Amino acid sequence: MSNIKPEDFFKNIISHSKEYGFIFPSSEIYDNGLSAVYDYGQLGAELKKNIRDYWWKAMVQMNENIVGIDSAIFMHPTTWKASGHVDAFNDPLIDNKDSKKRYRADVLIEEHVAKIEDKINKEVEKAAKRFENFDAAMFRSTNTRVKEYQDKIDAINERFKTALNANNLDEVKQIIVDLEIVCPISGTKNWTDVRQFNLMFNTSTGAVTDETNIIYLRPETAQGIFVNYLNVQKTGRMKLPFGIAQTGKAFRNEIVARQFIFRMREFEQMEMQFFVKPGTEMEWYEYWKQTRLKWHLSLGLGAEKYRFHDHLKLAHYANAAADIEHQFPFGFKELEGIHSRTDFDLKQHEQFSGKKLQYFDPELNQSYVPYVVETSVGLDRLFLSILSSALKEESLEGGDTRTVLSLPPALAPYKAAVFPLVKKDGLPELAESIMKDLKFDFMMAYDEKDTVGKRYRRQDAIGTPFCITVDHQSLEDKTVTIRDRDTMKQDRVAIDKLHSILTEKTSLQSLLRKL
Ligand code: ATP
């Protein structure tokens with residue numbers, strides 16, 4: 001949708017999601033729903049399941065040394081003391097006194113920096129048009145205006161990092177004041193002080209509610225893996241290095257949740273903790289950065305849409321951390337985190353539980369607490385990255401347009417749709433028998449309403465990679481036409497070839513082989 005403004009494009013994604021049954025606001029019949037919570041509809045649930053399956057197969061099925069678990073959402077409350085979440089899972093928040101809108105102070109500063117980055121990119125683009133054989137890296141390091149911008153960015157980042165590391169919230173506010181950041185709603189600089197806000201939701205177990213039976217809804221799936229480290233290592237007879245993966249719901253009382261399924265209060269994570277020998281973690285950290293990037297690139301949505309961003313401020317548990325960022329309609333933002341978490345979590349759980357969580361290394365004949373490299377991606381955020389890259393408005397010959405969702409075929413909700421050309425002459429019966437055969441292995445749609453052209457458009461809009469049309473010739477020679485969503489080309493093929501065509505073009509194997 002090249003001519004559409006980014007904010008309008010984002011609105012299109014939200015309305016398309018709703019119109020076709022991908023995503024609905026949660027409990028929408030009450031006051032338009034619950035803020036920052038969403039329900040996946042009939043097509044959304046399929047697409048989400050396929051994305052999850054692809055991740056699971058790439059991580060667990062394709063790696064003999066990675067196993068998957070499914071731990072509970074509720075965990076013993078001490079878990080969250082040990083992990084540091086009770087004391088430190090906070091976001092710095094700030095309110096604008098005029099609009100009464102609440103913001104994350106760190107996000108306001110990051111967005112300010114992103115605007116300066118945009119200016120640099122514009123300078124580079126302009127220069128690239130002016131010069132032949134343009135060397136972008138050279139231009140960035142020598143052009144005075146670009147260098148001034150870059151110095152500004154470095155100075156802000158350094159000051160911000162120092163303030164965060166010292167937990168100096170007054171200084172964080174001062175940065176916002178000095179940068180003259182205004183509230184996008186009121187346009188004023190009338191800010192409150194910056195305060196810390198804990199993001200965990202809590203509830204209670206049992207009949208009596210008091211301090212002693214408060215439990216938390218997990219804010220990440222990782223801790224369910226750490227507390228099961230020894231169970232899995234012993235029962236699975238796992239040798240280092242090995243990984244434990246899981247997918248599941250996580251809950252965060254996000255301060256600012258205005259970006260559809262990018263930032264939700266209830267969301268799903270797909271995490272993998274990779275346990276390694278201390279001292280080898282940096283090698284594995286690099287390995288997992290590259291391996292996860294490759295996974296994203298295999299989706300074929302455009303290599304230019306992904307980049308790494310190394311963390312300025314390391315979390316209390318990490319000795320290295322990077323994000324894989326994706327170019328969402330509202331800019332490059334974190335899609336996945338790769339963190340080298342040292343032995344922090346296992347050591348904390350040892351200390352708080354009094355149980356040893358170690359590994360006996362037969363080569364060294366000694367026990368130690370393994371180090372951990374984690375990969376952590378939000379399933380909903382991944383869903384949004386795929387949906388927003390796939391949704392296109394295309395101009396066709398003859399002045400027509402079509403909306404097409406160019407999903408990777410292996411992830412599409414339906415792999416193919418079957419249409420009888422007309423609702424008579426035995427065509428529906430043949431179409432149904434083709435459906436019956438294929439649906440053992442593929443999610444299939446069936447449509448006999450309206451013209452075939454309209455039916456194609458409906459399938460294009462929901463990303464169905466193939467449409468199979470049964471016509472009169474099919475009755476005579478057992479062939480059908482199969483139309484490709486992206487090229488719109490039709491081929492005539494034998495009915496008994498359909499299964500192998502769909503297997504080749506739409507199975508997860510086609511993606512897994514790229515890894
Ligand atoms: P952010 O800085 O965007 O708040 P984070 O650094 O707190 O994210 P992590 O704790 O590293 O995120 O979580 C790992 C992944 O989980 C993120 O990369 C993201 O894909 C996903 N995620 C985190 N918070 C949310 C949320 N509120 N809604 C949807 N996905 C989320």
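Taken together, the values in this text are just the output of simple stated rules run on the coordinates, not laboratory data. Note that the structure is predicted; figures quoted are calculated from it, not measured. Ideal geometry is used to build each Cβ from the backbone, glycine not excepted, and the neighbour counts take in all protein chains shown.
Okay, here's what the table says:
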| read-out | value |
| --- | --- |
| Proportion of all alpha-carbon pairs of the range 90-196 beyond 23 Å (%) | 39 |
| Two-decimal Rg to Rh for the range 84-130 - Kirkwood Rh, Cα set | 1.28 |
| Amide H partners (placed H, <5 Å) of Ile23, local residues excluded | Lys18, Gly41 |
| Computed FRET value (nearest 0.05) for Leu199 with Glu504, which takes r as the C-beta separation and R₀ as 60 Å | 0.85 |
| Which of Met488, Met59 has the fewest Cβ neighbours within 10 Å, and the rest in rising order | Met488, Met59 |
| With 5 Å bins from 0: P(r) over the range 1-147, alpha-carbon pairs, percent | 2, 6, 7, 8, 10, 13, 16, 14, 11, 8, 4, 1, 0 |
| For the chain, share of DSSP beta bridges that run antiparallel, in % to the nearest 5 | 85 |
| The range 449-505-the range 395-429 distance, computed between alpha-carbon centres (Å) | 7 |
| Pairs of Cα atoms farther than 21 Å apart, the range 331-434, % | 69 |
| More than 19 angstrom apart: percent of Cα pairs within the range 353-404 | 65 |
| Principal axis dimensions, the chain - Cα atoms, whole angstrom, descending | 78, 62, 56 |
| Angstrom value of the Kirkwood radius, inverse mean 1/r, which spans all Cα pairs in the range 223-359 | 16.8 |
| 5 angstrom amide H check on Gly243, placed H, neighbours 5+ away | Ile66, Val67, Phe275 |
| Estimated FRET transfer efficiency when R0 is 30 angstrom, pair Lys424-Thr487 (beta carbons, to 0.05) | 0.50 |
| Kyte-Doolittle mean at least -0.5, axial Cα span of 30 Å or more - DSSP H helices of the chain | none |
| Whole-number percent relative contact order across the chain, with pairs defined as alpha carbons under 8 Å at least 6 apart | 14 |
| The range 396-512: relative contact order in percent, alpha carbon pairs under 8 Å with at least 6 residues between | 31 |
| Convex hull of the range 396-512 built on C-alpha atoms - directionally averaged projected area, nm² | 7.1 |
| Distance (nanometres) between label positions extended 7 Å along Cα→Cβ at Glu397 and Asp151 | 5.8 |
| Ranking of Phe22, Phe328 by count of other Cβ atoms within 10 Å, fewest first | Phe328, Phe22 |
| Net charge of Cβ neighbours under 15 Å - reference Phe308; Lys, Arg +1; Asp, Glu -1 | -2 |
| Likely footprinting exposure, Phe440, Phe139, fewest C-beta neighbours within 10 Å first | Phe440, Phe139 |
| Residues whose placed amide H lies under 5 Å from that of Leu335, excluding near-sequence neighbours | Ile324, Glu325, His326 |
| Separation in nanometres of the label points that stand 7 Å from Cα toward Cβ, at Glu476 and Glu110 | 6.3 |
| Added length on full extension, which subtracts the Cα-Cα distance from 0.36 nm per residue, Ser26 to Asp53 | 7.3 nm |
| Sites Phe352 and Lys161, calculated FRET efficiency, Cβ-Cβ separation with R0 25 Å, nearest 0.05 | 0.25 |
| Local electrostatic count at Leu421 - Lys and Arg +1, Asp and Glu -1, tallied over other residues with Cβ under 11 Å | 0 |
